[in-house]
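Engineer: Take this structure first; my questions come after.
Rule-based calculations on the coordinates, nothing more; no lab input. The shown structure was predicted, so the numbers you read here are calculated from the model rather than taken from an experiment. Backbone-built Cβ (ideal geometry, glycine too); neighbour counts: all protein chains shown.
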Amino acid sequence: GPCHVAVDAKGKCVLTANYGSGSVAVLPIQADGSLGAPATTIQHTGSGPNPERQVGPHAHFITPSPDDRFALACDLGLDKVIAYQLDAKAPKLTPAMPEFAKVAPGAGPRHLTFSPDGKFVYVINEMISSITAFRYEAKTAALTEVQTISTLPKDSATTSYCAEIAMHPTGTFLYGPNRGHDSIAVFAVEKQSGKLTALEYPSTQGR
């Protein structure tokens, strides 16, 4: 059950996150644009505290780092952002050191995005409607938590779940959708610290 794909900067390989099995894979891109068989497949293991959504791993997203040296994967079932060394030419994935960073138990990390300068990573947590900001160490792919902030207004009692996350090209604003509250959470980004400040929650104009 693949649910997300990404291509490295030079177009050498495709990375995929497989939600159903909870695995990630890398496939070579051939000269004619077709794909070869998976060169590396890594099966995640473990579970999370939510008995409905986290009985096993669910890799939901994977993306190369800005310098193409690493790949980061969000596993909703494990409450982890897992880091891999990426060799796009081979292609090959191997566990990085440290191997992962955690978000809050039951948070369900879904997608992530880098700041334009590559110094921060922002992870949107589907199941508890929040965003976790991490400082990113480019040499090792290590993640250090800076902040976790809700995507919902303080007075909201609506059952809601997050999905995509997007950074403005200037790095000044960050956006995340609330499915249920039917809004887009808009944050200002403090570029030095990486911290977020909630600005507004405009309606999506529909469910």
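Engineer: How much length, in nm to one decimal, is gained on full extension between Arg135 and Ser21, taken as 0.36 nm per residue of separation minus their Cα-Cα distance? Don't skip to the answer; put the middle values down first.
Structural biologist: Numbers: separation 114, 0.36 × 114 = 41.04 nm, distance 2.92 nm.
Length difference between fully extended and current span is 38.1 nm.
Engineer: Quick check: net charge around Thr40, other residues with Cβ under 12 Å of its Cβ, Lys/Arg +1 and Asp/Glu -1?
Structural biologist: Taking every other residue near Thr40 into account, the sum is 0.
Engineer: If I stretch the segment between Arg179 and Val55 completely, what's the gain in nm (0.36 nm per residue apart, minus their alpha carbon distance), one decimal?
Structural biologist: Length gained, Arg179 through Val55: 42.4 nm.
Engineer: For the range 96-207, what is the relative contact order in percent, using Cα pairs closer than 8 Å and at least 6 residues apart in sequence?
Structural biologist: Result for the range 96-207 is 20 percent.
Engineer: A further question on this structure: Which ³J(HN,Hα) values, rounded to whole Hz and listed in residue order, are derived for the range 36-44 from phi using the Karplus coefficients 6.51, -1.76 and 1.60 in 6.51 cos²θ - 1.76 cosθ + 1.60 with θ = phi - 60°, glycine and proline given as x?
Structural biologist: Working through the residues one at a time gives x, 5, x, 7, 9, 10, 10, 8, 6 Hz.
Engineer: Ala157 versus Lys10, label points 7 Å from Cα toward the beta carbon: distance in nm?
Structural biologist: So the two model labels end up 5.7 nm from each other.
Engineer: Between Leu199 and Gln85, 0.36 nm times their residue separation minus their Cα-Cα distance comes to what?
Structural biologist: 37.5 nm
Engineer: Run through all the Cα pairs of the range 69-168 and give the fraction in each 10 Å bin from 0, expressed as whole percent.
Structural biologist: Each 10 Å bin holds this share of Cα pairs: 16, 47, 28, 7, 1, 0.
Engineer: Follow-up. Would you calculate the separation in nanometres between label points at Ala142 and Asp117, each defined as 7 Å from the Cα along the Cα-to-beta-carbon direction?
Structural biologist: My value for the distance between the label points is 2.0 nm.
Engineer: In addition: Sort largest first and round to whole Å: the equivalent ellipsoid semi-axes of the range 1-61, each the square root of five times a Cα gyration tensor eigenvalue.
Structural biologist: Details: eigenvalues 150, 19, 13 Å².
Equivalent-ellipsoid dimensions as semi-axes: 27, 10, 8 Å.
Engineer: Mind listing which chymotrypsin sites (Phe, Trp or Tyr not before Pro) in the range 1-106 are in a DSSP loop and have 11 or fewer other Cβ atoms within 10 Å?
Structural biologist: For chymotrypsin sites (Phe, Trp or Tyr not before Pro) across the range 1-106 that sit outside H, G, I, E and B with at most 11 neighbouring Cβ atoms in 10 Å, the list is empty.
Engineer: Now, a different point. How long are the semi-axes of the ellipsoid equivalent to the range 162-207, from square roots of 5 times the Cα gyration tensor eigenvalues, in whole Å, largest first?
Structural biologist: Over the Cα atoms of the range 162-207, the ellipsoid semi-axes are 21, 9, 8 Å.
Engineer: Roughly how many nanometres apart are two label points built 7 Å out from the Cα toward the Cβ at Gln43 and Ser150?
Structural biologist: 4.0 nm
Engineer: Running a GNM on the chain with Cα contacts under 10 Å, which residue among Asn178, Asn125, Asn50 ends up with the highest mean-square fluctuation?
Structural biologist: The residue with the greatest mean-square fluctuation here is Asn50.
Engineer: Grab the beta carbon distance between Arg69 and Ala31, set R0 = 25 Å, and tell me the FRET efficiency rounded to 0.05. Spell out each step's value before the answer.
Structural biologist: Working: r = 24 Å, r/R0 = 0.96.
In this case the efficiency is close to 0.55.
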